[in-house]
Amino acid sequence: MSEERYLITINELEEMFQKLSKEYHVVAPTSKNGVIVFDFIEKFDQIKLDYIRTILTLKKFLFPNKEKLFEFQYEKKYVKVREENPSRKYAFFLIHPCDVNALKILDRILNDKYIDEYYFRRRRESLIITLECIKGDEYCFCESMGTDEPWKNSFDVLLHPLNEKEFLAIPGSAKGFKILRDMRLKKTDLKKKRRRKNTLKISIEKIKRIKNNVENQSWIEEANKCISCGACTVVCPTCICFGVRDLFKEPLRSGYRFREWNSCIYSEFTRIAGNIVFRKEKVNRFKHRFYHKFVFIKERYDVYGCVGCGRCIAECINKINIVEVINKIA
Amino acid sequence: MHNSKSIYTPIPAKIIEIINEAPKVRTFKIRPAINHKFDFNPGQFIELSLYGYGEAPFAISSPKKILPEIEVTVKSVGRVTRALFKINRNSIVGMRGPYGNGFPIDKMKNKSILMVSGGTGLSPLRPLIWEIYDNRDNYEDVVLLYGAKTPNELLFRREYKEWERRINMHITVDYPDETWSGNVGVVTRLLDEVEIPRGSQTIVIICGPPIMMKYTILKLFELKFMKDQIFVSLERLMQCGVGKCGHCMLSNGKYVCIDGPIFRLDEIPLREVEL
């Protein structure tokens, strides 16, 4: 698809929102109790256009914190199992490239040899309107991770802010193309504006070097700052470790199985029956998260498990800085 | 009927026999729902569900020849296993799998095989033992060393006589009772005391509790075995079984559930076997 560019005004963007609302559950950045979150939007003016980052990422919709897998019912001679079928059509509206690219990473992890249908049933139905981010803050390092622009096939429509009232609109899929065409927007050859450069930087060379620095003493120092709260994994767009549990409903003849987010940072994460814990020391759990993101995911899926969104730094109670840690280790 | 699409949904199965193996250890014979194609390699595991209590991974402990029935041998140590000990014959459970890689049977052909096992670690080996038994000509010397705390805790005793016809089996217990006239001591002692195959044409397979694996490996190193001849079966929390939930990931990024549970010793960091 040769790149076609359209000019879209804020009023036309509202029109797009109205149209999408008829077919989709529209999710966009909005202000809730003074913080920016992704949430369902009913009115266009609830949307916070000039946001930097939300607390949680789109995984809270596509890979929810607590998700029912199936229900069971004990009958006389068998157990009836009814699988959940989560089919909700989401339009993710005005999502920054880092978060959109994170979904491409989840796509690979969750569609390896085995396909996680709970994620993909929603993912396949969802529409993505990306909003390029031109500001960022001191925690952003998307440029270093190559995620400051949306990757190929990651969006339906890409919006690029020209000023407060006007955007470039670029289709990224047949669906996106149809949306823009139906709106009868004007074509334009205006250029993208330059985005503000990240102040936080990490080189790929450094990232590659952590593999050979497993025993570096700095790991211990850095891990000592960690309180094992797991906030970094909760807010991370690519952390999807989960636990599975069953619950009975009264009168104990039926119930359901569900999964919920878990975290490799927690000491009980590797506990098995008989009370054996395989990653007992905090430093090993702390390291594991780094190696998973920057070595293991890369080796297995040929993509880094980090998009440089900065959430793990922003939400860390001790402001442990993932970039500074790597810079210190490597 | 059950049209399962999700990788996390078990297929229904029925408990058709429960065998008391040892104190706190039982073997459950399971028959999957009719028309379900099920095959496995020795060393693979299943996820067994007891609806309402949860799901847990268990190595398949039965020989392939009893398919479509399979057995798992369970020690009552956790939530799911304790619940399993409360159910009866004909109870309905769920199963998913088989998962994991299984033993490297192709690489074992025409080699001598040394199996070292402790406690309930004999369960994953049982299908392998029968595989070797049934195709004995494919292998050179085959030795099985097995240790348990007490004679009571030795698993599958009803089959030893048969196995011994084709396999050199040596058993030891830590704490003998008045009926015991065999070896006494930890299983690693057998490595010094009995004749075992040696040299580069021997494959060693270890399956047992972490501490037993550790000392067995140390002993094998002493006996000049190389890492690339030694295979271990690792136990971790394989909760999803399909490389997603993250619990069983080793410190080198390998998933025990999809890359293991059988690893050649040079494929994993030694700290995963407590070294």
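The values are calculated or read from the model by the stated rules, or taken from the named source; none is laboratory data. Just so it is clear, the structure is predicted and the values come from calculations on it, not from any experiment. Glycine also receives a Cβ, built like all others from the backbone with ideal geometry; neighbour counts cover every protein chain displayed.
For the subset of segment A:1-11 comprising residues that are at pLDDT 95 or above and crowded, with 19+ Cβ neighbours inside 10 Å, which member is farthest from A:ALA91 (Cα to Cα)? Residue satisfying both the conditions and the ranking: A:TYR6. Taken over segment A:282-308, residues that are in a loop (DSSP other than H, G, I, E, B) and more than 11 Å from chain B (Cβ to nearest Cβ) amount to 6.
Residues checked against (1) more than 14 Å from chain A (Cβ to nearest Cβ); (2) touching a Phe, Trp or Tyr at 6+ places or on another chain (Cβ under 6 Å); (3) in a strand (DSSP E or B); (4) farther than 19 Å from B:TYR8 by Cβ:
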site	(1), (2), (3), (4)
B:LYS29	yes, no, yes, yes
B:ILE34	no, no, no, yes
B:PHE38	yes, no, no, no
B:GLY52	no, yes, no, no
B:PRO57	no, yes, yes, no
B:SER62	yes, no, no, yes
B:LYS65	yes, no, no, yes
B:PRO68	yes, yes, no, yes
B:VAL80	no, yes, no, no
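With the condition kept exactly as written, say whether any residue in segment A:173-193 is in a loop (DSSP other than H, G, I, E, B), in contact (Cβ under 8 Å) with a residue 40 or more places away in the chain and either within 12 Å of chain B (Cβ to nearest Cβ) or closer than 26 Å to B:GLY243 by Cα (or both). No: zero hits. Within segment A:253-274, the set of residues being at the interface with another protein chain (Cβ under 8 Å from one of its Cβ atoms) and β-branched (Val, Ile, Thr) comprises A:THR270, A:ILE272.
Checking A:LEU158, A:LEU168 one by one, the residue that is part of a strand (DSSP E or B), in contact (Cβ under 8 Å) with a residue 24 or more places away in the chain and closer than 19 Å to A:GLY308 by Cβ is A:LEU158 and no other. When residues in segment A:234-252 are screened for being surrounded by fewer than 22 Cβ atoms within 10 Å (Cβ to Cβ), more than 9 Å from chain B (Cβ to nearest Cβ) and modelled with pLDDT of 95 or more, 1 of them pass. Go through segment B:1-27 and give me each residue that's of a type outside the set (A, V, I, L, M, F, W, C) and within 14 Å of chain A (Cβ to nearest Cβ). Residues satisfying the conditions are B:HIS2, B:ASN3, B:SER4, B:LYS5, B:SER6, B:TYR8, B:THR9, B:PRO10, B:PRO12, B:LYS14, B:LYS24. Does A:SER126 satisfy being out of contact with any strand residue (DSSP E or B) (no Cβ under 6 Å at 6 or more places or on another chain) and among the hydroxyl-bearing types (Ser, Thr, Tyr)? Here the answer is no, as A:SER126 does not meet what is asked.
All conditions but one from (1) within 14 Å of another protein chain (Cβ to nearest Cβ); (2) crowded, with 21+ Cβ neighbours inside 10 Å; (3) of a type outside the set (Ser, Thr, Tyr) apply to B:VAL204; the one that does not is (1).
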